[in-house]
Amino acid sequence: MKKVLSNKYLMYSLFALIGLFFGWLFFHTSENKIDKHNHTVEKSKATIWTCSMHPQIRTSEPGKCPLCGMDLITLNQSNVVTDPDAIHFTPEAVQLANVQTSLVTRQKPIKEVRLFGKVQADERLLQSQVAHISGRVEKLLVNFTGETVRKGQTLALIYSPELITAQQELLEVAKTKQAQPEIYEASKEKLRQWKLAESQISTIENSGIIQSNIEVISNTTGIVTARRLNNGDYISQGAVLYEIANLSTVWVLFDAYESDLPFLNVGNKISFTVQALPGTNFPGDIKFIDPVIDPVTRVSKVRVEIDNQSGKLKPEMFATGTVNANLADFQNSIIIPKSAVLWTGKRSIVYVQQTDIEEPVFKKREIDLGPMLGNSYVVVNGLSEGEEIVTQGTFSVDAAAQLEGKPSMMNQTNEETTEINSNKETAFHVSGNCEMCKDRIEEAAKSIKGVHTANWDGDSKMIKISYNQTGVNVIDVHKAIAKVGHDTDKAKAPNKVYSELPECCLYRK
């Protein structure tokens, strides 16, 4: 009996030892697997530190940026985005950054061209009042500039010995006009050539009284713009006595720069305003575009003809016009807002929202731009209709891309980075007054090869330029601006060029 019990205890002990062995083997292996799995996760989510100003700096430990000394920040690593170049935003981050998107559509492009000019007299209605006979000015009946005259009005009285002699001849010949009609007609024709009216000739012949003075009769209606004689002056035949302008129709001559000319055509509708009549819009049509560009001002004149029977428009008034030009070469093109575009020298960048992911994910794309249409651009290449792009908060998206070290406005290839590092900015004083000055100054600065941007501020009279410092001498920029008529800190405009600037651009006093 004791032997049987001893065998049972031995069997139970053996089973217990075997169970403990398999238990240890199972749990030991599982623990190793779990530890190994956790190690992989931790390794994949290892923290990376970077610099907010220099995203190319990457380190596994916190510290200072070796370039600028700023504290390093953690790099945002998202497991949602499969594309390594895309930027992932949470819905909350989109709201905080005020990021808004719009669908890309095709539209009819209309470019708004702003023009500046002056009201001028219609050259076809200018009239010079001349003396048809020599003599002495006895009396001026119109004696100041600006006076209104009517056609047929007497302007002055002239004493002429030749006229007296011709009248005496007429009276003598009139006695024998039946016998010598040819001589009689010749004497009358002589008086007609001196612009005596038939009624005046008949009065002399019938009364037999010789007129000592001849009347100068106005041959047009208008405003006296110049008076060339005084009482007592002796004038010769053909001398200009008055210059008269008929202002019933006037011209408005606008200055169009070379960059605007491709969008302007004869027949375009234009609406303009003048400073003297705020709130009043004058409609008109472009009647003529000067085919020659002025070599000094670099503009071409655009002429608009306006009926001015009311006399509201006066010569030398400043006018600001707007032309909405249809761009035939870009019909049914893709148009996007200006706020969607970031510029980096030669490149134009937009951020496109990825459609295959539910959360907001954006990716940088370079595009080719066409003409600017006020607050929008024509896109020549790089976008397709129906795509969704960031139209507000573009800079915030780009800043996030820079912080994550992904392709962005500033994150470029080594070749492009080298070119940007060689760029430099500077500012200096340039004299000027108006928008015409701004366009002229900026165009002259950018005419120097290597100058990327130029922006002149009319309030501070300062121009800020960015240029390639390895290929541009700033003195050349000063000289180019002075050459078109504007003084700078280091160059003075030639007096001849300055004097030929439009009146609104004259800054010297």
Any hit, region 121-129, residues being among the hydroxyl-bearing types (Ser, Thr, Tyr), in a strand (DSSP E or B), in contact (Cβ under 8 Å) with a residue 24 or more places away in the chain and outside the structural domain of Asp260 (by TED's automatic domain parsing): yes
The lone exception for Val266 - which of (1) among the aliphatic types (A, V, I, L, M); (2) closer than 19 Å to Glu123 by Cβ; (3) surrounded by 12 or more Cβ atoms within 10 Å (Cβ to Cβ); (4) over 18 Å from the mean Cα position of the chain (by Cα) it fails: (3)
Where Phe272 falls short, out of the listed (1) under 18 Å from the mean Cα position of the chain (by Cα); (2) aromatic (Phe, Trp, Tyr); (3) within 30 Å of Thr391 (Cβ to Cβ): (3)
Region 133-148, residues that are in contact with a Phe, Trp or Tyr (Cβ under 8 Å, 6 or more places away or on another chain) and either within 19 Å of Thr221 (Cα to Cα) or surrounded by fewer than 15 Cβ atoms within 10 Å (Cβ to Cβ) (or both): Val142
Residue in region 379-400 that is polar (S, T, N, Q) and exposed (fewer than 14 other Cβ atoms within 10 Å of the Cβ) present: yes
Test: residue in region 237-247 that is exposed (fewer than 15 other Cβ atoms within 10 Å of the Cβ), acidic (Asp, Glu) and modelled with pLDDT of 90 or more: no
Filter pass, Lys449 being basic (Lys, Arg) and either at pLDDT 90 or above or in a strand (DSSP E or B) (or both): no
Members of region 487-509 that are touching a residue at least 12 places away in the same chain (Cβ under 8 Å) and of a type in the set (S, T, N, Q): Thr488
Subset of region 470-486 that is part of a helix (DSSP H, G or I) and without any contact (Cβ under 8 Å) to a residue 24 or more places away in the chain - its residue that is farthest from the chain's Cα centre (by Cα): Ile475
Condition check for Glu138: under 23 Å from Gln211 (Cα atoms) and either over 46 Å from the mean Cα position of the chain (by Cα) or in the same structural domain as Ser236 (by TED's automatic domain parsing) (or both): yes
Residue in region 79-87 that is over 39 Å from the mean Cα position of the chain (by Cα), modelled with pLDDT under 90 and of a type in the set (Asp, Glu) present: yes
Within region 177-195, considering residues that are at pLDDT 80 or above and either of a type in the set (Val, Ile, Thr) or within 17 Å of Gln237 (Cβ to Cβ) (or both), the one surrounded by the most Cβ atoms within 10 Å (Cβ to Cβ): Leu191
Test result for Thr322, farther than 30 Å from Phe144 by Cα, surrounded by 13 or more Cβ atoms within 10 Å (Cβ to Cβ), in contact with a Ser or Thr (Cβ under 7 Å, 6 or more places away or on another chain) and at pLDDT 90 or above: yes
Residues of region 461-477 that turn out to be surrounded by 20 or more Cβ atoms within 10 Å (Cβ to Cβ) and either at pLDDT 90 or above or of a type in the set (Gly, Ala, Ser) (or both), as a count: 3
Yes/no for Lys363 being surrounded by fewer than 19 Cβ atoms within 10 Å (Cβ to Cβ), touching a residue at least 60 places away in the same chain (Cβ under 8 Å) and closer than 30 Å to Leu253 by Cβ: no
Residue satisfying condition, being modelled with pLDDT of 85 or more, farther than 21 Å from Met410 by Cβ and touching a Phe, Trp or Tyr at 6+ places or on another chain (Cβ under 9 Å), within set Gln107, Gln100, Gln129: Gln129
Boolean, Ser259 is farther than 18 Å from Ile110 by Cβ, surrounded by fewer than 16 Cβ atoms within 10 Å (Cβ to Cβ) and small (Gly, Ala, Ser): no
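The values are calculated or read from the model by the stated rules, or taken from the named source; none is laboratory data. Computed from a prediction, not measured in an experiment: that's the story for all the values here. All Cβ positions, even for glycine, are placed from backbone atoms using ideal geometry, and neighbour counts span all protein chains on display.
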